[in-house]
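The values are calculated or read from the model by the stated rules, or taken from the named source; none is laboratory data. This structure is a prediction, so every number in the text was calculated from the model and none was measured. FYI the Cβ positions are ideal-geometry reconstructions off the backbone, even for glycines, and counts take in every protein chain you see. The area values use the complete protein model at the heavy-atom level, side chains included, leaving out ligands, DNA and RNA. Shrake-Rupley method; radii C 1.70, N 1.55, O 1.52, S 1.80 Å.
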Amino acid sequence: MSVRIVRLGSTRLPGEGLRLGTVRRPPRGVPKDEYASRDIYDVWLPTLAPSEALLKEARAALADGDEKAWKSFVRRYRAEMKAPDARALLAVLAALSHQTDFAVGCYCADESRCHRSVLRELLVEHGAKMT
């Protein structure tokens, strides 16, 4: 049993389990009843997505590969994940990772410049079993 970090929309791997979308907004132009069948996500968890304000500020800077901007984003996203709701959800997911397989993800192509890389670290810090 474990949690896997994935890119939403990628082909599901065998044994992946439930796919959780940690994105601020659902995909555009896709009917809700097709999210799972298109390998986007089964359940939407916007609580673990960066805030709209953080995303808006970071998009341009991160697109340029600015290391200072990335470090700022990571610091601010980690601060957002200290909110009680986010901390509680991270603890629940960490505990669930010892009981069942599931995946969490985002749309970004490059995990190294995506909040899901930080989310991976946060889950490990909360004791999650990772794939």
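State yes or no: is PHE73 open to solvent by less than 40 Å² (accessible area, probe 1.4 Å) and at pLDDT below 95?
Working: open to solvent by less than 40 Å² (accessible area, probe 1.4 Å): yes; at pLDDT below 95: yes.
Yes, satisfied.
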Single unsatisfied condition, LEU18 versus (1) open to solvent by less than 60 Å² (accessible area, probe 1.4 Å); (2) out of contact with any helix residue (DSSP H, G or I) (no Cβ under 7 Å at 6 or more places or on another chain); (3) closer than 22 Å to LYS129 by Cα: (1)
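Take the residues in the stretch 96-116 that are touching a Cys at 6+ places or on another chain (Cβ under 7 Å) and in contact (Cβ under 8 Å) with a residue 40 or more places away in the chain, then tell me which one is nearest to ARG19 (Cα to Cα). Before the answer, list the steps.
Filtering the stretch 96-116 for residues touching a Cys at 6+ places or on another chain (Cβ under 7 Å) gives 106, 108, 114-116.
Now restrict to residues that are in contact (Cβ under 8 Å) with a residue 40 or more places away in the chain: 106, 108, 115-116.
Details: CYS106: 10, CYS108: 15, HIS115: 16, ARG116: 13 Å.
Once the filter is applied, the top-ranked residue is CYS106.
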Single match in ALA91, ALA83 (criterion: under 22 Å from GLU52 (Cβ atoms), surrounded by fewer than 16 Cβ atoms within 10 Å (Cβ to Cβ) and among the hydrophobic types (A, V, I, L, M, F, W, C)): ALA83
Residues satisfying the stated conditions in the stretch 110-131, i.e. outside any helix (DSSP H, G or I) and either open to solvent by less than 10 Å² (accessible area, probe 1.4 Å) or at positive phi (or both): CYS114, GLY127
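The rows are residues; the columns are (1) touching a Phe, Trp or Tyr at 6+ places or on another chain (Cβ under 8 Å); (2) touching a residue at least 12 places away in the same chain (Cβ under 8 Å).
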{"site": "LEU54", "(1), (2)": "yes, yes"}
{"site": "PRO84", "(1), (2)": "no, no"}
{"site": "LEU89", "(1), (2)": "no, yes"}
{"site": "ALA94", "(1), (2)": "no, yes"}
{"site": "VAL118", "(1), (2)": "yes, yes"}
{"site": "GLU121", "(1), (2)": "no, no"}
In the stretch 26-51, the residues that are within 28 Å of GLU80 (Cα to Cα), among the aliphatic types (A, V, I, L, M) and open to solvent by less than 40 Å² (accessible area, probe 1.4 Å): ILE40, LEU45, LEU48, ALA49
